[in-house]
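Student: I am attaching a structure below and will ask some questions about it afterwards.
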Amino acid sequence: MLQICLVGDQVLRRKAKPVKSVKKSVQTLIDEMAQAMYRESGVGLAAPQVGVSKRIVVVDVGDGLVSLVNPELVHASGSQLGMEACLSIPDVVGEVERFATIQVTGLDRSGRRIWIDAEGLLARCLQHEIDHLDGILFTDRAIRILSDEEVAERNEVVLD
Ligand code: NI
């Protein structure tokens, strides 16, 4: 079972390497990352968070699993402000500005190129996960970190 790396672990600060080809080992990693994400009740997970410095992310904001290898932001517009948290930074919630609408391309689990148009939570989550591949954590971008009291009052928190 994959364990989640926590802030302070240098793997989270490294720029992850592109995947050369989507082999069986990559598919297995994607499956194990998805399992870990669901086990931890997250909405997204990036490979560096499980100690693997490769450009792979999984996301599920409630509309099904999206897995992307070598994801790239190709279009981005507008802005949205919202709350984020991260499985690698327990008990911290912050307010982060993100693009409102994005298009992302990457390879799916079978190595085919796909394009995803996203807005709202899916767009936020994809930006958060792609940041992980570049060693960027949401706390680097947060305009405000919530106090413990504010966190306790919130019953809905985005975890990725
Ligand atoms: Ni995260």
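Student: For the chain, what's the radius of gyration and Dmax over Cα atoms, in angstrom?
Tutor: Both quantities, over Cα of the chain: 14.7, 46 Å.
Student: Calculate how steeply helix 120-133 sits against the longest principal axis of the alpha-carbon atoms of the chain, using the helix alpha-carbon long axis, and give the answer as 0 to 90 degrees to the nearest 10.
Tutor: In the chain, helix 120-133 runs at an angle near 70 degrees to the longest axis.
Student: What distance in nm separates the simple spin-label points at V151 and V11, each placed 7 Å from Cα in the Cβ direction?
Tutor: 2.3 nm
Student: Also, quick follow-up: With +1 on the Cβ of every Lys and Arg and -1 on the Cβ of every Asp and Glu, and nothing else charged, how large is the dipole of region 1-59 about its Cα centre, in debye rounded to the nearest 20?
Tutor: 440 debye
Student: Let's see if you can work this out: charge +1 on each Lys and Arg Cβ, -1 on each Asp and Glu Cβ, no other charges. What is the dipole magnitude of region 1-142 about its Cα centre, in debye to the nearest 20?
Tutor: So the magnitude is around 820 debye.
Student: In addition: Counting pairs of alpha carbon atoms under 8 Å apart in space and at least six apart in sequence, what relative contact order in percent does the chain give?
Tutor: Taking the mean separation of contacting Cα pairs over the length of the chain, I get 27 percent.
Student: What is the order of F99, F138, fewest Cβ neighbours within 10 Å to most?
Tutor: Going from sparsest to densest Cβ surroundings: F99, F138.
Student: Another one. In terms of the Cα gyration tensor, with a ≥ b ≥ c the square roots of its eigenvalues, is region 27-106 rounded because a/c is under 1.5, prolate because a/b exceeds b/c, or oblate?
Tutor: oblate
Student: List the aspartates and glutamates whose alpha-carbon lies under 13 Å from that of K15, not counting same-chain residues fewer than 8 positions away?
Tutor: Cross-link targets: E129, D131, D134.
Student: Something else: Between E32 and K20, what is 0.36 nm times their sequence separation minus the Cα-Cα distance? Round to one decimal in nm.
Tutor: 2.4 nm
Student: Using a 10 Å cut-off on Cβ atoms, rank the peptides 27-34, 55-62, 122-129 from the highest mean neighbour count down. Mind showing how you got there, number by number?
Tutor: Values: 27-34: 17.1, 55-62: 22.6, 122-129: 24.8.
Per-residue Cβ counts within 10 Å, averaged per peptide and sorted highest first, yield 122-129, 55-62, 27-34.
Student: Hey, another quick one. Per DSSP helix of 4 or more residues, -39500 (n - 2.57); summed, then divided by the residues of the chain. What does that give at 222 nm, rounded to the nearest 500?
Tutor: Numbers: 4 runs with 40 residues, N = 160.
After summing the helix terms and dividing by residue count, I get -7500 deg cm²/dmol.
Student: Here's a follow-up. For the Cα atoms of the chain, what angle does the longest principal axis make with the long axis of helix 24-39, in degrees from 0 to 90, nearest 10?
Tutor: Helix 24-39 sits at roughly 20 degrees to that axis.
Coordinate-derived values only; no laboratory data. Please read all numbers here as calculations on a predicted model, not as lab measurements. Please note: Cβ atoms are built from the backbone with ideal geometry, for glycine as well, and neighbour counts cover all protein chains shown.
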